[in-house]
Amino acid sequence: MSAAAWRFCPRCATPLASREAGGRPRLACPACDFVHWDNPLPVLAGLVEYDGRILLARNAQWTHGLYALITGFMEADETPEQGMARELKEETDLDADRMTLIGVYEFMRKNELIIAYHVEASGTIKLSEELADFRLVAPERLRPWRAGTGYAMADWMRARGLPVEFVDLPSRPTTESPNS
Ligand SMILES: [Zn+2]
């Protein structure tokens, strides 16, 4: 959890301590009024449609080989739609022509809130260094996963009358069975 990274008050550098604030225990400063509220961070996610297919990309730092939606954080001076278009441009060099909100999804495991868009995009795909590879998948062949952006994908498929068949995520290394 992100709270584990907080040890000192960012205002006065006093070590933080746990105390109740707003009805639950929080990390707070005993010397000033700073409270680390630890509110979820919004994350933008784009189900990008390109040439009738959905673009899924593999992050260069991922070892599990999954292909996922285009995601990124918002900048302080932009709307969610502007942020989504910027992330798409930065990561794939594509232009967002049309954008529709799919929905908003919890991702408590990372203390994030996912704002998911269906993005119709055009241009020529040129991946940034952050992305190692991409795939273009026909909408009816998408297999969503049971977490954050996977639920957004499933909702978008259902809205188009496509049957939804979930796929199980590979287990994390610590719980992986030897023969998986
Ligand atoms: Zn303080």
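Run down Asp38, Asp77, Asp33 and say which single residue is part of a loop (DSSP other than H, G, I, E, B), under 27 Å from Pro10 (Cβ atoms) and in contact (Cβ under 8 Å) with a residue 40 or more places away in the chain.
Sole residue among the options that is part of a loop (DSSP other than H, G, I, E, B), under 27 Å from Pro10 (Cβ atoms) and in contact (Cβ under 8 Å) with a residue 40 or more places away in the chain: Asp38.
Tell me yes or no: at least one residue of region 79-100 is closer than 20 Å to Ser122 by Cα, assigned by TED's automatic domain parsing to the domain that holds Leu127, out of contact with any Cys (no Cβ under 7 Å at 6 or more places or on another chain) and loosely packed, with under 11 Cβ neighbours inside 10 Å.
Scanning region 79-100, I find no residue that is closer than 20 Å to Ser122 by Cα, assigned by TED's automatic domain parsing to the domain that holds Leu127, out of contact with any Cys (no Cβ under 7 Å at 6 or more places or on another chain) and loosely packed, with under 11 Cβ neighbours inside 10 Å, so the answer is no.
Is it true that Arg11 is within 16 Å of the ligand (Cβ to nearest atom), outside the structural domain of Ile125 (by TED's automatic domain parsing) and farther than 30 Å from Leu127 by Cα?
Taking the combined requirement at face value, the residue satisfies it.
The rows are residues; the columns are (1) surrounded by fewer than 14 Cβ atoms within 10 Å (Cβ to Cβ); (2) more than 16 Å from the ligand (Cβ to nearest atom); (3) closer than 30 Å to Ala13 by Cβ.
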| position | (1), (2), (3) |
| --- | --- |
| Cys29 | no, no, yes |
| Tyr50 | no, yes, no |
| Ile102 | no, yes, no |
| Glu112 | no, yes, yes |
| Ser128 | yes, yes, no |
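Return yes or no: is Tyr151 part of a strand (DSSP E or B) and modelled with pLDDT of 95 or more?
no
Residues of region 14-27 being out of contact with any Ser or Thr (no Cβ under 7 Å at 6 or more places or on another chain), in a strand (DSSP E or B) and more than 14 Å from the ligand (Cβ to nearest atom), which ones?
Result: Ser18, Glu20, Arg24.
The values are calculated or read from the model by the stated rules, or taken from the named source; none is laboratory data. All of these numbers come straight from a predicted model, not from anything done at the bench. Here Cβ is always computed from backbone atoms with ideal geometry, including for glycine, and neighbour counts include all displayed protein chains.
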